[in-house]
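Asker: First the structure, which I've put down as structure tokens, then a few questions once you've had a look.
Just so it is clear, none of the values below were taken in a lab; they were calculated from the coordinates. All values derive from a computational prediction rather than experimental measurement. Here Cβ is always computed from backbone atoms with ideal geometry, including for glycine, and neighbour counts include all displayed protein chains.
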Amino acid sequence: MSQTDALNQIKQDALDLKSSLNSLKENFLELSSEFYESLNEARSLLSNQNFQPPTVNEKEKCQQKEDKSVKSIGIFRSCFLTKNGTPRQPGICPYARGSLTITCFNNPEHSLDGLSKFSHVWLLFLFHENGDYIPRSKVSPPRLNGEKVGVFASRSPHRPNNVGMSLVKLEGVSGGTLFLSGVDLIDGTPILDVKPYITVYDTPSSTPSAAPWIAYPPTKPLTISFSDNALSVLAQLKYASGENIVLSKRSLRKKNCLRFFRSQEELKQSISDIILADPRSIFRKKQGDTTFSFPVDSVDVTVKVEGVFVTVIDIGQTEYVRGLLKRAGS
């Protein structure tokens, strides 16, 4: 090898080393950012739960009567980031997935021992984004188009104690985390309790009945189509793996990467399910909104309504959704 070739090789090696160092630096900065985000999240969680250093064992804690406050039992992740677009009832969107990581025990996996034997669970939770809304004795369910019924004859989220319950499918249990589907809760919802669905106890012994208006469709029968642009985006998105995994902060920052939906067909069907249930409020329906959008998983869906014909005109990861993802789970 000539002296010139040797010199060129040294220069190339130096460039490769510089590139490797830059890559290591980027990885270090990203990991450092994740560490401090996780640390702040842990501090916030402990602060929100009025955490006190354990000084007695669990049996003694159960015997203490002073603290009667209700607290969240874990961290809930969901494919729904805001109230807008979230189904009003569980099961409307079967592919809508979520996870609950238990944090109220030092050994959370022990609290879930045996739960995987059940197919469905009840989630008791708080409607934590009701704001300063004052609950009223009468409400207007979406199916009644403005007609009012008593709040206790409805599933309205605006209740005296803001407590809700949902029956969801249990997809699996891993360690201290439950993996769920058919959810109707937004990311970060405070979960108060989990109970197994037991057919022999939860199914009435006599044939149940309901108010006639429950059978009314929430909207007129709709014909849904997807624009060529929307279909193109669906084909290009990166979908979640088929495994149940706990989401990391890094997974929330990946662009054009779905966190919960595992295929183009799942996302397309779920968008259709959400539209068929018409997520618009009664006010917005009366205003005649013809174009609206809603976030689901890590994308923003824009829809145009023309009578009974609905077209999904765009799907994308907007700055709005990126901001929601940045705050997800905090």
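Asker: So who's got an amide H within less than 5 Å of the one on GLY172, skipping anything under 5 residues away but keeping other chains? H placed 1.01 Å off N, in plane.
Answerer: Here PHE179 satisfy the definition.
Asker: So, counting K/R as plus one and D/E as minus one, what does the shell of residues with Cβ under 12 Å around PRO190 add up to?
Answerer: Net charge in that neighbourhood comes out at -2.
Asker: Moving on to the next point. If you keep only loop residues by DSSP, which GluC sites (Glu not before Pro) in the range 109-194 have at most 11 other Cβ atoms within 10 Å of their Cβ?
Answerer: In loop regions of the range 109-194 (DSSP not H, G, I, E or B), the sparsely surrounded GluC sites (Glu not before Pro) are GLU147.
Asker: Charges only on Cβ, +1 for Lys and Arg, -1 for Asp and Glu: so what's the dipole of the range 129-278 about the Cα centre, in debye to the nearest 20?
Answerer: Working: 18 positive and 14 negative charges, 70 e Å.
Charge dipole, the range 129-278, about its Cα centre: 340 debye, nearest 20.
Asker: What net charge is computed for the residues neighbouring PRO160, neighbours being all others with C-beta under 15 Å from the C-beta of PRO160, Lys and Arg scored +1, Asp and Glu -1?
Answerer: Values: positive: ARG136, LYS138, ARG155, ARG159; negative: ASP132.
Neighbour charge sum, excluding PRO160 itself: +3.
Asker: I've got another one for you. Can you classify the range 93-249 as rounded, prolate or oblate using the Cα gyration tensor, where a ≥ b ≥ c are the square roots of its eigenvalues, rounded means a/c under 1.5, and otherwise it's prolate if a/b beats b/c and oblate if not?
Answerer: Verdict is oblate for the range 93-249.
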